[in-house]
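Undergrad: Below: one structure in structure tokens.
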There are 2 protein chains.
Amino acid sequence: MRTEIATLGEFGLIRHLTENLELKHPSTLYGVGDDAAVLSYPAGKDILITTDLLLEGVHFDLTYVPLKHLGYKAAVVNFSDIYAMNGQPRQITVSLGLSKRFCIEDMDELYAGIRLACETYSVDIIGGDTSSSLTGLTISITCIGEVEHGRAVYRNGARETDLICVSGDLGAAYMGLQLLEREKAVLKGSSQDVQPDFAGKEYLLERQLKPEARRDIIARLAEAGIHPTAMMDISDGLSSELIHICTQSHAGCRVYEEHIPIDYQTAVMAEEFNMNLTTCALNGGEDYELLFTVPIADHEKISEMEGVKLIGHITRPELGCALITRDGQEFELKAQGWNPLKASDSPSPTPQNS
Amino acid sequence: MRTEIATLGEFGLIRHLTENLELKHPSTLYGVGDDAAVLSYPAGKDILITTDLLLEGVHFDLTYVPLKHLGYKAAVVNFSDIYAMNGQPRQITVSLGLSKRFCIEDMDELYAGIRLACETYSVDIIGGDTSSSLTGLTISITCIGEVEHGRAVYRNGARETDLICVSGDLGAAYMGLQLLEREKAVLKGSSQDVQPDFAGKEYLLERQLKPEARRDIIARLAEAGIHPTAMMDISDGLSSELIHICTQSHAGCRVYEEHIPIDYQTAVMAEEFNMNLTTCALNGGEDYELLFTVPIADHEKISEMEGVKLIGHITRPELGCALITRDGQEFELKAQGWNPLKASDSPSPTPQNS
């Protein structure tokens, strides 16, 4: 079924997409429907603001990304930024630019994904903007979160001897992307309606298509009484993010190849693609895991924490940022992460196969 | 001079555009440079959030809109939404999607306009996102503002006998757009470098290209001790906005043609284009004036206020929304305002010439 968006018009579409939106947070006084949303945070809370712009053909490819997954991911990547500040996401605004290619049912799918993410993470949709576009789909989401006053964790607080930790595992989202790109190329050359076989690779696809934000890690850190000295989420690749933390903290780091957490499926896939696994884990983007540093005094507590791996330590700035390989060699870390403004003709991250 | 954006890359461009950004508000704890910006509002303040997505070819035409003006306007229209809630804008995030057509100097121009607007209205730039796009320029701005707790003015508070007021004058921005569109059509047919003559029409162009938000009116209302019962800014046209207020307030209204404020240049231009002047004032968009209602008890105070005109009153809902013409006839108001999702092949509002 295909209902043209013009049958509803702008206001009608907004009404349609936002009807029955439940506001769950006491901090949301007024959501969709006026010149601005109105929030009221209790005294003692700082407010976090993050925003993300996603453009079709640059950040996503609708030939293999279902709209519902896209909506889910577009919301979750913003939540991830709020957790990366040690906060809790509370509200989002959603702006959409749509070409005539899209119908109301498409927008229902996209919004279903956004709503699902908001339910899962307990976030209110409080506003946005909807407009036609000349080409493609544009999604701009702004997320508002809260954190106890003075408890935000920045990128600039890492100190010498701090331990470097990472949640989950790395490189899987990038491998999922490679897999989808390969299937797209295969299907292009085929006239039949071939269904690709992704058996045994579900984890990679899930990491690429339906990532989760690490709310659980933030909760565990709070429970354990650990306050990270620096933190960010890994969206552009571990190397790139480590360099951010070290640059902003005026520090260096040593990270150990053998400690970088990698899932079995990621390793199998890198082998299949004849890619260097460590390079994929260091430079593949979109993992949305948390990278953080803690004082060495927290060593015992953090070693015991489920879902967290200790991968290295912070050094004096003169030592630079380096990876120590399994055979003890030192390599300077380089930010080869996903940079859509540099590699604008290829929509995917391009870690070198070295 | 033309420097390719690729020479800086995404992070380099963001650094370049946001260096030396001054943070003026005590409520801005941390701006650009981390996963999220951090704000701290004092107790007793409610927070306002509004967002706007502008797409090239739909919302603006770079053949006649200078990038600096575009940046200024893109910021100001968001401030206008915050004033329309009876608030003060404090922070914005700026997300840009850029095709290869744009160079660093272009972005400097655009940002110069955004910065100028932020200086003029005392707003901090606290973050954003910058990315390549396949086609055209995308601008997504989110504005954060503050208002005393419980003092936000919504669209839904208008009551029978309330007076309907509007600031400034209407229809000029629309006339400015017509003028620019006409010159564009003329210049297209010409091979020479003809300079269009806009003498005597400066006000219309300014209203279209460099609108201002009515901070002054909000200040005057506060000084006079007037708390509007309902308010919004006029971005889609007076008719459309009156219908919003009446629908959300479960009320009707009577508006008098003879009281609608129109500038002399607007009238001259409507005559030249052979357009109905009242239709232009009712349905032309982008005026960014304030439309608000006040209790009848404030009649004297509001009549004396500079820059505000009384154009009608709120009625029982059964009476609907109507315009009373100079000769005493009643016409139902219709929302013919700018709706880019309905009229997606024409980028301009299309009030009927009736």
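The values are calculated or read from the model by the stated rules, or taken from the named source; none is laboratory data. Just so it is clear, the structure is predicted and the values come from calculations on it, not from any experiment. Virtual Cβ from ideal backbone geometry, glycine too; neighbours counted across all protein chains shown.
Undergrad: Can you tell me which of A:Lys68, A:Lys45, A:Lys100 is among the basic types (Lys, Arg) and in contact with a strand residue (DSSP E or B) (Cβ under 6 Å, 6 or more places away or on another chain)? Don't jump to the end; show me each part of the working.
TA: On the way: A:Lys68 fails: in contact with a strand residue (DSSP E or B) (Cβ under 6 Å, 6 or more places away or on another chain); A:Lys100 fails: in contact with a strand residue (DSSP E or B) (Cβ under 6 Å, 6 or more places away or on another chain).
Only one candidate passes the filter, namely A:Lys45.
Undergrad: To continue, here is another question. Of the numbered conditions (1) outside any strand (DSSP E or B); (2) in the same structural domain as B:Pro66 (by TED's automatic domain parsing), B:Ile125 satisfies every one except a single condition; which is it?
TA: (1)
Undergrad: Sticking with this one: Of everything in segment B:1-22 that's among the hydrophobic types (A, V, I, L, M, F, W, C) and within 13 Å of another protein chain (Cβ to nearest Cβ), which residue is farthest from B:Gly128 (Cα to Cα)? Show your work before the answer.
TA: To start, the set of residues in segment B:1-22 that are among the hydrophobic types (A, V, I, L, M, F, W, C) comprises B:1, B:5-6, B:8, B:11, B:13-14, B:17, B:21.
Narrowing further to those that are within 13 Å of another protein chain (Cβ to nearest Cβ): B:5-6, B:8, B:11, B:13-14, B:17.
Numbers: B:Ile5: 17, B:Ala6: 19, B:Leu8: 17, B:Phe11: 12, B:Leu13: 12, B:Ile14: 9, B:Leu17: 11 Å.
The qualifying residue farthest from B:Gly128 (Cα to Cα) is B:Ala6.
Undergrad: Still on this model: Select from segment A:40-54 the residues that are in a strand (DSSP E or B) and closer than 14 Å to B:Ser40 by Cβ and write down the one among them that is farthest from the other protein chains (Cβ to nearest Cβ).
TA: Of all residues in segment A:40-54, those in a strand (DSSP E or B) come to A:45-54.
After this cut, where a residue has to be closer than 14 Å to B:Ser40 by Cβ as well, the list is A:45-49.
Numbers: A:Lys45: 8, A:Asp46: 5, A:Ile47: 4, A:Leu48: 4, A:Ile49: 5 Å.
The residue in question is A:Lys45.
Undergrad: Okay, next question. Conditions: (1) more than 14 Å from chain A (Cβ to nearest Cβ); (2) outside any loop (DSSP other than H, G, I, E, B); (3) among the β-branched types (Val, Ile, Thr). B:Ile218 meets all but one. Number of the miss?
TA: Every condition holds for B:Ile218 apart from (1).
Undergrad: Assess whether B:Asp106 counts as being surrounded by fewer than 24 Cβ atoms within 10 Å (Cβ to Cβ), over 25 Å from B:Phe292 (Cβ atoms), modelled with pLDDT of 95 or more and touching a Ser or Thr at 6+ places or on another chain (Cβ under 8 Å).
TA: Values: surrounded by fewer than 24 Cβ atoms within 10 Å (Cβ to Cβ): yes; over 25 Å from B:Phe292 (Cβ atoms): yes; modelled with pLDDT of 95 or more: yes; touching a Ser or Thr at 6+ places or on another chain (Cβ under 8 Å): no.
It is false that B:Asp106 is surrounded by fewer than 24 Cβ atoms within 10 Å (Cβ to Cβ), over 25 Å from B:Phe292 (Cβ atoms), modelled with pLDDT of 95 or more and touching a Ser or Thr at 6+ places or on another chain (Cβ under 8 Å).
Undergrad: Any residue at all in segment A:90-99 that is at pLDDT 95 or above, in contact with a helix residue (DSSP H, G or I) (Cβ under 8 Å, 6 or more places away or on another chain) and outside any strand (DSSP E or B)?
TA: No: zero hits.
Undergrad: For the structure I just gave you, tell me whether A:Val76 is surrounded by 21 or more Cβ atoms within 10 Å (Cβ to Cβ), outside any loop (DSSP other than H, G, I, E, B) and over 13 Å from the mean Cα position of the chain (by Cα). Explain how you work it out, then say what you get.
TA: Working: surrounded by 21 or more Cβ atoms within 10 Å (Cβ to Cβ): yes; outside any loop (DSSP other than H, G, I, E, B): yes; over 13 Å from the mean Cα position of the chain (by Cα): no.
Spelling it out, it is not the case that A:Val76 is surrounded by 21 or more Cβ atoms within 10 Å (Cβ to Cβ), outside any loop (DSSP other than H, G, I, E, B) and over 13 Å from the mean Cα position of the chain (by Cα).
A quick yes/no check of all residues on (1) part of a helix (DSSP H, G or I); (2) more than 30 Å from B:Tyr83 (Cβ to Cβ); (3) modelled with pLDDT of 95 or more:
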| position | (1), (2), (3) |
| --- | --- |
| B:Gly176 | yes, no, yes |
| B:Glu183 | yes, yes, no |
| B:Phe198 | no, no, no |
| B:Tyr203 | yes, no, yes |
| B:Arg207 | yes, no, yes |
| B:Pro211 | no, no, yes |
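Undergrad: Next question, about the same structure. Within segment A:124-132, can one find any residue that is within 17 Å of the chain's Cα centre (by Cα), at pLDDT 95 or above, within 11 Å of another protein chain (Cβ to nearest Cβ) and within 22 Å of A:Glu22 (Cα to Cα)?
TA: Restricting attention to segment A:124-132, the residues satisfying the condition of being within 17 Å of the chain's Cα centre (by Cα) are none.
Scanning segment A:124-132, I find no residue that is within 17 Å of the chain's Cα centre (by Cα), at pLDDT 95 or above, within 11 Å of another protein chain (Cβ to nearest Cβ) and within 22 Å of A:Glu22 (Cα to Cα), so the answer is no.
Undergrad: Testing B:Tyr64 on (1) in contact with a helix residue (DSSP H, G or I) (Cβ under 6 Å, 6 or more places away or on another chain); (2) within 8 Å of chain A (Cβ to nearest Cβ); (3) in a loop (DSSP other than H, G, I, E, B), one condition comes back false. Which one is that?
TA: (2)
Undergrad: Please give the number of the condition B:Ala43 fails out of (1) surrounded by fewer than 17 Cβ atoms within 10 Å (Cβ to Cβ); (2) within 18 Å of the chain's Cα centre (by Cα); (3) among the hydrophobic types (A, V, I, L, M, F, W, C).
TA: Looking at each condition in turn, B:Ala43 falls short on (2).
Undergrad: Looking for something at the interface with another protein chain (Cβ under 8 Å from one of its Cβ atoms) and assigned to a strand (DSSP E or B) - is there at least one such residue anywhere in segment A:27-35? Even if it seems obvious, please write down each step before you answer.
TA: We begin by selecting, within segment A:27-35, every residue at the interface with another protein chain (Cβ under 8 Å from one of its Cβ atoms); these are A:29-30, A:33-35.
Next, from what is left, pick out any that are assigned to a strand (DSSP E or B): A:29-30.
Yes: one or more hits.
Undergrad: List the pairs whose first member sits in segment B:25-40 and is under 22 Å from A:Ser80 (Cβ atoms), whose second member is of a type in the set (S, T, N, Q) and assigned to a loop (DSSP other than H, G, I, E, B), and whose Cβ atoms are under 7 Å apart, counting only residues at least 6 apart or on separate chains?
TA: Close Cβ pairs (under 7 Å, with a partner that is of a type in the set (S, T, N, Q) and assigned to a loop (DSSP other than H, G, I, E, B)) amount to B:Leu29/B:Ser40; B:Leu39/B:Ser27.
Undergrad: Can I ask one more? Out of curiosity, is B:Asp108 more than 15 Å from B:Asn78 (Cα to Cα), acidic (Asp, Glu) and in contact with a helix residue (DSSP H, G or I) (Cβ under 9 Å, 6 or more places away or on another chain)? Before you say what the answer is, go through the steps one by one.
TA: Values: more than 15 Å from B:Asn78 (Cα to Cα): yes; acidic (Asp, Glu): yes; in contact with a helix residue (DSSP H, G or I) (Cβ under 9 Å, 6 or more places away or on another chain): yes.
So B:Asp108 fits the description; yes.
Undergrad: So which residues in segment B:237-251 are crowded, with 22+ Cβ neighbours inside 10 Å and on the phi > 0 side of the Ramachandran plot, if there are any at all?
TA: Of everything in segment B:237-251, just one residue is crowded, with 22+ Cβ neighbours inside 10 Å and on the phi > 0 side of the Ramachandran plot, namely B:Gly237.
Undergrad: Is one or more of the residues making up segment B:157-166 within 13 Å of another protein chain (Cβ to nearest Cβ) and under 21 Å from A:Gln91 (Cβ atoms)?
TA: no
Undergrad: Could you tell me whether any residue of segment B:134-154 is farther than 24 Å from A:Gly127 by Cβ and either more than 8 Å from chain A (Cβ to nearest Cβ) or surrounded by 23 or more Cβ atoms within 10 Å (Cβ to Cβ) (or both)?
TA: no
Undergrad: What strands (runs of 3 or more DSSP E), lying completely within segment B:228-344, carry at least 1 residues that are under 18 Å from B:Arg214 (Cα atoms) and in the same structural domain as B:Gly200 (by TED's automatic domain parsing)?
TA: Numbers: elements: B:230-234, B:252-256, B:289-294, B:308-315, B:321-324, B:330-332.
Where strands (runs of 3 or more DSSP E) fall fully within segment B:228-344 and carry at least 1 residues being under 18 Å from B:Arg214 (Cα atoms) and in the same structural domain as B:Gly200 (by TED's automatic domain parsing), they are B:230-234, B:289-294, B:308-315.
Undergrad: Residues B:Glu19, B:Glu10, B:Glu56, B:Glu4: which one is among the acidic types (Asp, Glu) and within 30 Å of B:Leu179 (Cβ to Cβ)? Give the derivation first.
TA: On the way: B:Glu19 fails: within 30 Å of B:Leu179 (Cβ to Cβ); B:Glu10 fails: within 30 Å of B:Leu179 (Cβ to Cβ); B:Glu4 fails: within 30 Å of B:Leu179 (Cβ to Cβ).
Every option except B:Glu56 fails the conditions.
Undergrad: Still on this model: Could you give me the residue pairs with C-beta distances under 7 Å whose first residue belongs to segment A:320-339 and is within 14 Å of chain B (Cβ to nearest Cβ), whose second residue is at pLDDT below 95 and part of a strand (DSSP E or B) wherever it lies, and which are 6+ apart or on separate chains?
TA: none
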